[in-house]
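First the structure, in the form of C-alpha cells, and then the observations on it.
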Amino acid sequence: MKKSKYITKVTDINKLYIEQVIENGDIVVDATMGNGYDTKYLAEKVGENGFVYSFDIQEEAIKSTKKKLEKENLSDRVKLILDGHENMDKYIEKEISCVVFNLGYLPRAKHRIITKPNTTIKAIEHSLKLLKPNGIVSIAIYTGHEGGPEEKNSIYDFVKELNQDEFSVMECGFINQVNCPPQLLLIEKKKED
Ligand code: SAH
C-alpha cells in the first residue's frame, strides 16, 4: 500500500496548529477525553507550569486516562472531570489558549454514548467565550455513525454564523476519501491589533 508522508490525518494537521498556539504555562482544555491521548499530549505541551482540564461523561475514559498520566508523571497538571463539556464554564475561570474536541464515540467502548449536537454546541460556545485572543478551538467531526451527520450539520450551521470580525473559521478534510473521513474545524479568536 502506498502511504502519504505529509498529508496524513486531520488530527496530525490539527497538531501543526496547536503546537504553534500552546505555550509553556498555558491553560488548555480537552473537551472529549476518550482514551486520553489528547489529554496526555496537551499536558506535555503546557509544561509543568501549565494546566489541562479534561472532560468526559464515561468512567472508563477517566480510568484509562488516569493510568496514562500516572505512568508519565503528568497527573499534577491535569484535572480529569467526570461531567459533560457543556458544563465547562462551571470549572474554568481563567482564559484558555486552546480547546480540543474529538467527537463521536469512544472506540472499543459503548458506541451508544456519542457526543450530541446540543451539548457540543453549548460547549463550543463556552469555549469561544473562555478563549484568549489568538486562542484556538479545534473540532474533529465524525460522520460515519448514526447521529454523526446531524451533529456535523448543527455544528456547521453554528460556526458559519460566527462573526468574521471576531473569529476565523477554517475547515479541513480529505475530499477524495471514501468511508466518511473525519472533518476538522479550526476556530481562532481574533485579536485587536
Ligand atoms: N471519534 C474519536 C474518539 C471520540 S471519543 C476517535 O475515533 O478517535 C469521544 C468521547 O466524548 C467519548 O469518550 C465520550 O464518552 C465523550 N463524550 C460524549 N458526550 C460528552 C459530553 N457531553 N461531554 C464530554 N465528553 C463527552
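Read-outs: derived from the displayed coordinates by stated rules, not from any lab. Since the model is a prediction, treat every value here as computed from it, not as a measurement. When we count neighbours, we look across all protein chains shown, and the Cβ atoms used for this are built from the backbone with ideal geometry, even at glycine.
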If exposed means no more than 14 neighbouring beta carbons inside 10 Å and the site is in a DSSP loop, what's the longest run of the chain without any exposed trypsin sites (Lys or Arg not before Pro)? 10-93
Under the classification rounded if a/c is under 1.5, otherwise prolate if a/b is larger than b/c and oblate if not, where does the chain fall, given a ≥ b ≥ c as square roots of the Cα gyration tensor eigenvalues? rounded
Measure out, as a whole number of angstrom, how far apart the alpha-carbon centroids of segment 122-182 and segment 1-74 sit. 18 Å
Between the residues Pro182, Tyr156, Ser138, the Cα farthest towards the positive end of the dipole of the chain, that dipole coming from +1 and -1 charges on the beta-carbon of Lys, Arg, Asp and Glu, is from Pro182
17 Å Cα-Cα reach of Lys67 towards aspartates and glutamates, excluding residues that sit fewer than 8 places from it in its own chain: Asp30, Asp38, Glu44, Asp56, Glu59, Asp76
Running a GNM on the chain with Cα contacts under 10 Å, which residue among Ala43, Ala123, Ala109 ends up with the highest mean-square fluctuation? Ala109
Label 7 Å along Cα→Cβ of Phe167; segment 106-138 residues with amide nitrogen under 17 Å? 116-138
Once amide hydrogens are built 1.01 Å from N within the peptide plane, the residues lying 5 or more places from Gly34 or on another chain with amide H under 5 Å from its amide H are none
Two-site label geometry, Lys5 and Glu146: point separation in nm, points 7 Å out along Cα→Cβ: 4.4 nm
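Can you list the GluC sites (Glu not before Pro) in segment 22-92 that are in a DSSP coil and have 14 or fewer other beta carbons within 10 angstrom? Before the final figure, lay out the partial values.
Values: sites: Glu23, Glu44, Glu48, Glu59, Glu60, Glu70, Glu72, Glu86; in loops: Glu23, Glu48, Glu72.
Loop-located and lightly packed - Glu23, Glu48, Glu72.
Within 10 Å of each residue's Cβ, count the other Cβ atoms and sort His145, His85, His126 from fewest upward.
Numbers: His145 14, His85 27, His126 20.
So the ranking, lowest neighbour count to highest, is His145, His126, His85.
Listing Ser127, Ser97, Ser4 from the residue with the fewest other Cβ atoms within 10 Å to the one with the most, what is the order? Mind showing how you got there, number by number?
On the way: Ser127 27, Ser97 24, Ser4 9.
In order of increasing Cβ crowding within 10 Å: Ser4, Ser97, Ser127.
Mind listing which GluC sites (Glu not before Pro) in segment 102-185 are in a DSSP loop and have 15 or fewer other Cβ atoms within 10 Å?
Values: sites: Glu125, Glu146, Glu150, Glu151, Glu161, Glu166, Glu171; in loops: Glu146, Glu161, Glu166.
Counting only loop positions with at most 15 other Cβ atoms within 10 Å, the GluC sites (Glu not before Pro) in segment 102-185 are Glu146, Glu161, Glu166.
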Charges at C-beta only: +1 for Lys and Arg, -1 for Asp and Glu. How large is the resulting dipole of the chain about its Cα centre, in Debye rounded to 20? 840 debye
With a 20 Å threshold on alpha-carbon distance, the violating pairs from Lys45/Lys71; Lys9/Lys66; Lys129/Lys160; Lys160/Lys190 are Lys9/Lys66
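Per DSSP helix of 4 or more residues, -39500 (n - 2.57); summed, then divided by the residues of the chain. What does that give at 222 nm, rounded to the nearest 500?
-10000 deg cm²/dmol
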